[in-house]
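Below is one structure; the comments refer to it alone.
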Amino acid sequence: MAVLVRDRTGRVSGILVFALGVVLLLVVFYLAYIELVASGALAGTAGGRSAGDMALFVAAKAVFLFVLGFVASAIANKGIALYQAAGGQDVD
């Protein structure tokens, strides 16, 4: 008869890594909002900048925030993979 062997430590670690990834994603979204509000891009005020300068500034911030979001989502994905890998295999 096959027995399912599960790694409790691996599953808990997977959940914790996934939660860390989700928290990092939330931090990235919060930072994006704060940066857009601080730059005046959401309010429509240029703050003495031309439209081209403002677009370049927002695009540069967007690239950095995209990289942060990508890394955070990769961490969350690794947590899910760790959780699934610790799910166990059938042992005879």
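The values are calculated or read from the model by the stated rules, or taken from the named source; none is laboratory data. Source: prediction; values computed, not measured. Glycine gets a Cβ as well: all are built from the backbone with ideal geometry, and neighbour counts include every protein chain shown.
Taking the criterion of being assigned to a loop (DSSP other than H, G, I, E, B) and modelled with pLDDT of 80 or more, the only residue of segment 35-92 that qualifies is Ala86.
Can you confirm whether segment 7-28 contains a residue that is part of a loop (DSSP other than H, G, I, E, B), at pLDDT below 85 and surrounded by 14 or more Cβ atoms within 10 Å (Cβ to Cβ)? If you could, list the steps in order and put the result at the bottom.
Residues of segment 7-28 that are part of a loop (DSSP other than H, G, I, E, B), as a first pass: 7.
When the remaining residues are screened for being at pLDDT below 85, the result is 7.
Then drop every residue that is not surrounded by 14 or more Cβ atoms within 10 Å (Cβ to Cβ), which leaves 7.
Yes, segment 7-28 contains at least one residue that is part of a loop (DSSP other than H, G, I, E, B), at pLDDT below 85 and surrounded by 14 or more Cβ atoms within 10 Å (Cβ to Cβ).
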